Amino acid sequence: MTAIDPKWAWDHYKPTTSDPWTIRQATHLYRRAGFGGNHEQIQQAIEGGMDESLQQLLFDNHESPAFRAEMAGMTRSLVANGNLQSLATGWLYRMLKTSNQLHEKTTLLWHGHFATSADKVQDAFMMQQQNDLLREHAVGDFNKMVQGISQNPAMLLYLDSANNRKTHPNENYARELMELFCLGEGQYSEQDIRELARCFTGWEVRNRAYRFNRYQHDFGEKAFLGTQGNLTGEEAVEHVLKQPAAPLFIARKLVHYFVIDEPAVDEALLVPLAKQLRKDDFNLMNTIRIILSSNIFYSSHAIARKIKSPVEMMIGVMRVLSMTSNLGDLANGLQQLGHGVFFPPNVKGWDGGRTWINSSTLLGRSNLIYELLHHEKTSFDGGSLQSLLAKHEKDSLVAAADYFVDRLCAIPLAADTKNQIIRYARTEGSDREQQLKSILHQIAAIPHFQIG
């Protein structure tokens, strides 16, 4: 990534006559800060401008008590059922229906960051408990999130730390806490790992809950990352988060997630965000606000510079077109594409970016869109795709194609490509619903659609 002036990058974006606030910026905001906006949300965003739209996404879209009660009831039922795959169905439902898209999108970020797989944990209650923890702190206190995840039963089981004994400390969590969760590679030594692991001895899981076993805890003096003393596990986590590398590491994670996939982001660009995180004692909200209201976020450095994950792609289409369908089948399809929520591939989570795309996954993504469009339980705002478009006065095939591209693609379509798509759709016969679905499926199969 070429060097970018950090001051310009994180200054507040102000539309100008040469760079006005349009549907392109509005849909970009909804794709990155959420999964996508439906017709009414995008129209409101265009009319209200960036500041008002961001205010809506950040602060004014709290889930209603009725929706939270619905989700609580659904979650209890899914957990009682014990079917681990069903948990994914419940989470996809929340992504699709929540009014607080930013919160859910950021929960998905931390699920990949603190990756824990139900394949190993094999307990629906503990996996859902972890998901609730991540959601609670998703845009809030990162300190509390790390302290919570450190004592989370699912994480303790996943990293084999539930039987951490003073006579044989398990080093897995100590290593991943520094390397993957807080600091990054090269910020610690093997000796630091061994000493940090001693701080977590005696941390157990009993009856699906964290328990401290003082008889198995090493109360001796430890020395790691420049400190020394009889540190508890909680104090050890706090010390890790005080390292200078920690806010830079999390700033990089946020920039990659919300702005650009490219890994080689200059550290100089991250410094202002890292300073903000430290100033806020690792409360995430102000830093996320800076990112989503910045010059760089609405520039060519960010727009069309991220590849949609399978979850972002599918939930995005559904939210934009007000779709409902069989979410159990969708969860299975996402699992086949390598993005089964609650089932990350390893402790590093999903690599994301360009790894989402190859010849096999491109075909798989296209097929999953096709299956969704033609599923017997799929509807568009309670009716057909044709009726949805008619509500928005997009009755012709040309108008429909433009509508899909404007809302689902970060890159405009060339006129000849659009015309070719429309010509092919007309070969489907006179059935307008099938023609419209053909246009949508063809758009979903091209590279433009894969970019978020």
**Report entry** Hull shadow area, averaged, region 9-113 [alpha-carbon convex hull, nm²]
**Finding:** 8.3
Report task. Give the value in nm², to one decimal: projected area of the alpha carbon convex hull of region 59-163, averaged over all directions. Result -> 6.5
Query - Shape of region 243-282, Cα gyration tensor, a/c cut at 1.5 - result: prolate
Report task. Pull out the extension gain between K348 and A399, defined as 0.36 nm times the separation in residues minus the alpha carbon to alpha carbon distance; nm, one decimal. Result -> 14.0 nm
Query - Evaluated over region 287-420, the Cα radius of gyration and Dmax, each in Å - result: 16.8, 48
Report summary line: G229 neighbourhood, Cβ < 15 Å, K/R = +1, D/E = -1, net charge -4
Requested in this report: Would you mind calculating the gained length between S300 and Q420 on full extension (0.36 nm times residue separation, minus the Cα-Cα distance), in nm to one decimal?
Outcome: 40.4 nm
Query - Rg and Dmax [Cα atoms of the chain; Å; Rg one decimal, Dmax integer] - result: 23.2, 79
Requested in this report: Please check which bits of region 91-108 a label hung off R76 would reach, taking the label as a point 7 Å along Cα-to-C-beta and the cut-off as backbone N under 12 Å.
Outcome: none
Query - region 321-386: C-alpha pair distances exceeding 16 Å, % - result: 54
Query raised in the report: Which angle from 0 to 90°, rounded to the nearest 10, does the C-alpha axis of helix 190-199 make with the longest principal axis of the chain?
Result: 80
Query raised in the report: Which FRET efficiency value, to the nearest 0.05, do you get for E235 and T355 by plugging their Cβ-Cβ distance into 1/(1 + (r/R0)^6) with R0 = 45 Å?
Result: 0.75
Query raised in the report: Based on the inverse mean of 1/r over its pairs of different Cα atoms, what is the Kirkwood hydrodynamic radius of region 136-269, in Å?
Result: 15.5
Requested in this report: May I ask you to give the solvent-accessible area per residue for region 305-350, in square angstrom, as obtained with a 1.4 angstrom probe?
Outcome: 29
Query raised in the report: Are any of the pairs K253/K391; K120/K166; K253/K418; K7/K222; K7/K306; K253/K377 more than 31 Å apart by Cα-Cα distance, and if so, which?
Result: K253/K391; K253/K418; K7/K222; K253/K377
Query raised in the report: So for region 165-216, Kirkwood radius off the Cα pairs, Stokes-Einstein at 25 °C and 0.890 mPa s: how many µm² s⁻¹?
Result: 209
Report summary line: Mean accessible area per residue over region 409-452 (1.4 angstrom probe, all protein chains present, square angstrom) is 48
Query - Accessible surface of region 184-337, 1.4 Å probe, proportion on carbon and sulfur as whole % - result: 46
Query raised in the report: To one decimal place, what orientation-averaged projected area in nm² is obtained for the convex hull of the Cα set of region 193-346?
Result: 13.4
Query raised in the report: Once you charge only the Cβ atoms, +1 for Lys and Arg and -1 for Asp and Glu, what is the size of the charge dipole of region 61-118 about its Cα centre, to the nearest 20 debye?
Result: 20
Query raised in the report: Can you give me the Cα centroid spacing of region 31-86 and region 264-335 in angstrom?
Result: 15
Report summary line: Taking only the Cα positions of region 272-340, the convex hull volume per residue in Å³ is 140
Report task. Would you calculate a helix-derived [θ] at 222 nm for the chain, using -39,500 (n - 2.57) for each DSSP H run of n ≥ 4 and dividing by the full residue count, to the nearest 500? Result -> -17000 deg cm²/dmol
Query raised in the report: Say each of Q216 and E190 gets a label point 7 Å from the Cα, pointing the same way as Cα to Cβ; how far apart are those two points in nm?
Result: 2.6
Requested in this report: Calculate, for region 133-217, the solvent-accessible area per residue in square angstrom, rolling a 1.4 angstrom probe over the heavy atoms of the protein chains.
Outcome: 42
Requested in this report: With r as the distance between the Cβ atoms of H12 and R208 and R0 = 56 Å, compute the FRET efficiency 1/(1 + (r/R0)^6) and round to 0.05.
Outcome: 0.75
Query - A223 versus Q129: modelled label distance in nm, points set 7 Å from Cα along the beta carbon direction - result: 3.7
**Report entry** Stretchable slack from Q44 to Q85, in nm (0.36 nm times residue separation minus alpha-carbon distance)
**Finding:** 11.1 nm
Query - Student exercise, region 79-169 dipole from Lys, Arg, Asp, Glu Cβ charges, in Debye to nearest 20 - result: 60
Report task. For region 62-123, just the Cα set please: Rg and Dmax, both in angstrom. Result -> 12.3, 34
Query raised in the report: When the accessible area of region 15-161 is computed with all protein chains present and a 1.4 Å probe, what percentage of it is carbon and sulfur?
Result: 50
Report task. Take region 370-444, compute every pairwise Cα distance, and split them into 5 Å bins from 0; I just need the percent in each bin. Result -> 3, 16, 28, 28, 19, 6, 1
Report task. Using θ = phi - 60° and the Karplus relation 6.51 cos²θ - 1.76 cosθ + 1.60, list the HN-Hα couplings for region 116-130 in order, rounded to whole Hz, with x at every Gly or Pro. Result -> 9, 9, 5, 4, 8, 5, 6, 8, 5, 4, 5, 5, 5, 4, 5
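The values are calculated or read from the model by the stated rules, or taken from the named source; none is laboratory data. Predicted, not measured: the structure shown is a model, and the values here were computed from it. Every residue, glycine as well, gets a Cβ built from its backbone with ideal geometry; the counts of neighbours run over all protein chains shown. Only protein heavy atoms, including side chains, enter the accessible area calculation; ligands, DNA and RNA are left aside. Shrake-Rupley method; radii C 1.70, N 1.55, O 1.52, S 1.80 Å.
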